[in-house]
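The values are calculated or read from the model by the stated rules, or taken from the named source; none is laboratory data. What you see is a predicted model; the values in this text were computed from it and never measured. Cβ placement follows ideal geometry from the backbone for every residue including glycine, while neighbour counts extend to all protein chains displayed.
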Amino acid sequence: MYAEEYLPDDANLDFDNTDVSIESTSSMDTVERDQKKRTELYKRLDPDYYFFKRVEMDQDGKIRFQKVPVYSTPMQGIIRNAPTGIKEEHRAGTKDENLYFTVKDTAIFTKTDTNKEPRKLFYRTPEEFERHFKIDLPQAVKEKWHKKN
């Protein structure tokens with residue numbers, strides 16, 4: 001199966017009038033740039049997808065913004081892996097929710113018109129959360145979660 005099979009029909013998307021920014025360089029051809037733009041538009045159609053920009057220092061010491069994509073899980077919905085968006089085999093709100101490391105994103109910009117609640121993010125391990133957000137959790141939190149599972 002290919003990811004394209006699950007993407008919505010292109011007929012209702014306006015690819016000419018969008019505010020999607022894709023970095024264009026001379027090494028990127030038109031087809032590849034259009035594919036990246038189309039992929040970004042499909043992601044934006046997903047109500048559980050959002051992103052934020054993290055400030056990072058590159059090797060030259062210059063400050064740059066890194067886009068971090070995130071997929072949240074709706075209440076009582078199928079659990080989605082936060083960094084990848086892959087739907088897991090369990091549902092939120094059940095006892096199976098305890099199999100995952102759970103984080104609530106309470107930032108104000110993650111709330112939508114239809115969802116005023118903080119977004120709930122699911123990770124397979126605390127280490128996956130650390131890699132995704134590039135932060136370090138206290139060792140006690142990780143040990144407690146591993147002991148529980």
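Within the stretch 49-80, being of a type in the set (K, R) and in contact with a strand residue (DSSP E or B) (Cβ under 7 Å, 6 or more places away or on another chain) holds for K53, R54, R64, K67, R80.
Just one of the listed residues (K147, K87) is basic (K, R) and either surrounded by 11 or more Cβ atoms within 10 Å (Cβ to Cβ) or at pLDDT below 90 (or both), and it is K87.
If you go through the stretch 45-71 and keep only what is farther than 17 Å from F133 by Cα and surrounded by 15 or more Cβ atoms within 10 Å (Cβ to Cβ), you end up with just D48. Within the stretch 90-103, is even one residue in contact with a Leu (Cβ under 6 Å, 6 or more places away or on another chain) and in a strand (DSSP E or B)? Scanning the stretch 90-103, I find at least one residue that is in contact with a Leu (Cβ under 6 Å, 6 or more places away or on another chain) and in a strand (DSSP E or B), so the answer is yes.
Being among the β-branched types (V, I, T), at pLDDT 85 or above and more than 14 Å from the chain's Cα centre (by Cα) narrows it down to one of I79, I63, so name that one.
Going through I79, I63 in turn, the sole match is I63.
For the stretch 117-130, filtered to residues that are charged (D, E, K, R) and in contact (Cβ under 8 Å) with a residue 40 or more places away in the chain, the residue that is farthest from D96 (Cα to Cα) is E117.
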